[in-house]
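To start, the structure itself, in structure tokens.
The values are calculated or read from the model by the stated rules, or taken from the named source; none is laboratory data. All values reported here derive from a predicted model rather than from experimental measurement. A quick note on method: Cβ atoms are made from the backbone with ideal geometry, for glycine too, and the neighbour counts reach across all protein chains shown.
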Amino acid sequence: MNKERSEEVYKRAERMKQAVQNVQEKHGFMQLGAKLRAYFFTGILVTAPIAVTFYVAYKIIEWVDGGVNNLLPPQIKEYYDNLPYTIPGLGIIILALFMTLIGMFAAGFVGDFFVRLGEWVVRKIPLISSIYSLLKKVFETFLSNKSSAFKKVVLLEYPRKGIWILGLVSTDTEGEVKDILKTDMLNVFIPTTPNPTSGFLIFVPVKDVIFLDMSVEEALKFIISGGIVSPEKMKKIKK
């Protein structure tokens, strides 16, 4: 009787041991699956931005090349089409050279005269004049080499207390607005995410803003990324 009981206890112990081994193996496979899944998503996170960036760049180059190719004189276009190989980015190079030549011409006396004449004609056309003026201001602001386009980056509470937003100081408030408000004010441009060329202008008392050390360029990158690329991360990347 004791022998049969001992064998039964031994069998139960073996079954428990086997069950524990099965649980451990299952847990090990689950850990391995979790690690593989984490590696897979890490691979996507690393490669996707690079792949998308190169794909977009390739499509832009291809689009520019096609557009420039259609504008080439027939003789040059025929010679280019008969080449045994294609030169990717040739359209970008031609476009850059063309824009540089236009800039050189516009900077001269004769070019400046024609530019002013063209602007005078455009400003006489309803609706078109408003669009042209707006686009010109936007491009002058964001492509100008002058550091005075925006002076400083500020932090202010908007649209209510407790909610903070980044703003770009364009200049001190002057003229009729300052005369009416009778206090030191700043013209602050509030850019939107992810397109900082759109936004709105607000007038803020100097005492209500916090001036930041980050540059305007860092602030724009911060805004475009939706807060993902902070100035601290930019400094680490530069190092």
Test result for D172, modelled with pLDDT of 85 or more, closer than 22 Å to L134 by Cα and surrounded by fewer than 13 Cβ atoms within 10 Å (Cβ to Cβ): yes
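Can you go through K152, K182, K136, K124 and tell me which one is surrounded by 11 or more Cβ atoms within 10 Å (Cβ to Cβ), among the basic types (K, R) and modelled with pLDDT of 75 or more?
Working: K182 fails: surrounded by 11 or more Cβ atoms within 10 Å (Cβ to Cβ); K136 fails: modelled with pLDDT of 75 or more; K124 fails: surrounded by 11 or more Cβ atoms within 10 Å (Cβ to Cβ).
One residue alone meets the criteria, K152.
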Pair list, Cβ under 7 Å, 6 or more apart: segment 170-192 residue under 12 Å from V206 (Cα atoms), other residue loosely packed, with under 11 Cβ neighbours inside 10 Å and modelled with pLDDT of 85 or more: N187/L201
In segment 43-96, the residues that are among the acidic types (D, E) and at pLDDT 75 or above: E62
